[in-house]
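Below: the structure, in structure tokens.
Read-outs: derived from the displayed coordinates by stated rules, not from any lab. What you see is a predicted model, and the numbers here were worked out from it, not measured in a lab. Neighbour counts are summed over all protein chains in view; Cβ atoms, including those assigned to glycine, are modelled from backbone coordinates with ideal geometry.
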Amino acid sequence: LLYHGLFPTAPSQPRMAVSVELLSFYRTLFERSCDAVNALASALNSHYTRRGFRMTRHAIQWYDMLQVEVEHCVQSILEQCRQRVCEARPPTQLKTQSDGHLQTSQQNSIPDSHSCTAKPLPPNSCATLLVQRCPACFGGNSFGKPLSDGGDIHVATDGNFHHRHRRSAGDCPSFYDPVYFLPKAQVDAVGHRIEKARKRQPKKHNALVPDEAIDQCETSYEAADGKKQKAAMDSFDDTGVMALICRHDIPLFFANIDSPGEQQKYSIALIEHLFSLVPSGANVVVLYDVGCVLARSLTQYHILDDQVTSRLRFATMAMHAYGHEWACQLVYNPRLAVGLGLSDGEGTERLWSRFIKLIGIERASSRRIWLIDRHAAAIGHEMRKDLGSWLRRRMKKGVTEQSDAAQKVLDECQISISELQSQWKKQRSAQLSVRAREYVVFGSTLGLIIFSRRSCQAQERAG
């Protein structure tokens, strides 16, 4: 049947077959609009049922599985060819420059998503999986740019609690190994490690931002409160999704949220998994809406290995940054941090907007993970094809136009750049001091007292 372009509706003794061309169109429609796919499936089912035929409910699912297997076979062949090319080259010791010292890149062992064996990480190169997802971020072989200058890799992470799954919907039998989702056991292991680390005494550290400012940020943002319930656990068994994307907004990995709040274990698990796929000399900047709080947790407690934290820098997302304390913005605002360029971290919001059509279907679907995973693959493929246009738009509207506007302001102020940098350094140092923070707290408290007194006086006059 397949030779003649027909796909059977049953593994044995099929009574009906569907055109492969129709299934290909069906799959494309599925990637664009789930509601239309369900409508088309219902219409085809009604149409053929009235004519005495019986339609299979999961034809597109199994057809998609065959497509996935073909993609895996192609990638496996390409990987074997890459290994043969590397083996044919003359043996040379690859080194990388990091912090002014030449260091030999480590040979990590990374888990393969579709096999039980571990594949060695190529020296001075990122894992093939990352290169396939974003060649612009991970396709290079030169790493070691200092974090103070922006690092080598920029990623962003964020949680979304609209992608829930009702407990009453149940789960279908396991038929698909997710490509983008981290295993639940891996995420839970990070959670147990965090709980164990928090039982110990916090380490002494040199805080970049006063703890009082970080405490205020933690109070202001719901994402920093892992205990706050954002979904009713009696109705939902899965409450959301945590995503990790590159600076070009391409999805890299997901973690399924099965707790009431946005706990730190999800973001830390994603970051740790990313570091297992990059060379030992690569420095990474992570943008997160409460990056200041997560950075302090990793500094106070031994949650991640020192080799990871020494190559890790946090920043807040550009849109969320202005809700943080000013002292926090001086360190973590990407628009005030040196080396982050146009990285804003808001690509996660753009990703969630493309997932809106899945929200209603996921809640009652037993194939929720499959739906998200396959749509992430379709979005990633489309964004890789558009990567050149994306870079061209950013160069024109971002780099060129903003550089011209900034240069115009500098020319009008008639002050040398060295003088401006010197004054900014002094201002930053003064406003990050504990004394400056005490003054801000005192001013806020005094303002509340004056406001309360005026309110009481107004009520007395009204009475």
Two-site FRET efficiency, ALA185 against GLU460, from Cβ-Cβ distance with R₀ of 56 Å, rounded to 0.05: 0.30
Nitroxide proxy distance, nm - points 7 Å out along Cα→Cβ at MET319 and SER46: 3.8
For the stretch 231-331, size of Cβ-based charge dipole, Lys and Arg +1, Asp and Glu -1, in debye: 500
Estimated FRET transfer efficiency when R0 is 22 angstrom, pair ARG350-GLU382 (beta carbons, to 0.05): 0.95
Label-to-label distance, nm, for residues given as PHE25 and LEU78 (7 Å Cα→Cβ offset): 2.9
Net charge, THR400 excluded, C-beta distance under 12 Å - Lys, Arg +1, Asp, Glu -1: +3
Percentage relative contact order, the stretch 215-342, counting C-alpha pairs under 8 Å, at least six apart: 21
The stretch 296-427 - percent relative contact order, Cα under 8 Å, separation 6 or more: 12
Hz values of 3J(HN,Hα) by residue in the stretch 249-258 - Karplus curve (6.51, -1.76, 1.60), Gly and Pro given as x: 6, 7, x, 10, 8, 10, 10, 7, 8, 10
Spin-label model distance (nm) - HIS4 vs SER389, 7 Å beyond Cα toward Cβ: 4.1
Spatial separation of Cα centroids for the stretch 154-184 and the stretch 269-292, in angstrom: 21
For HIS248, net neighbour charge (Lys/Arg +1, Asp/Glu -1) across residues whose Cβ lies under 13 Å away: +3
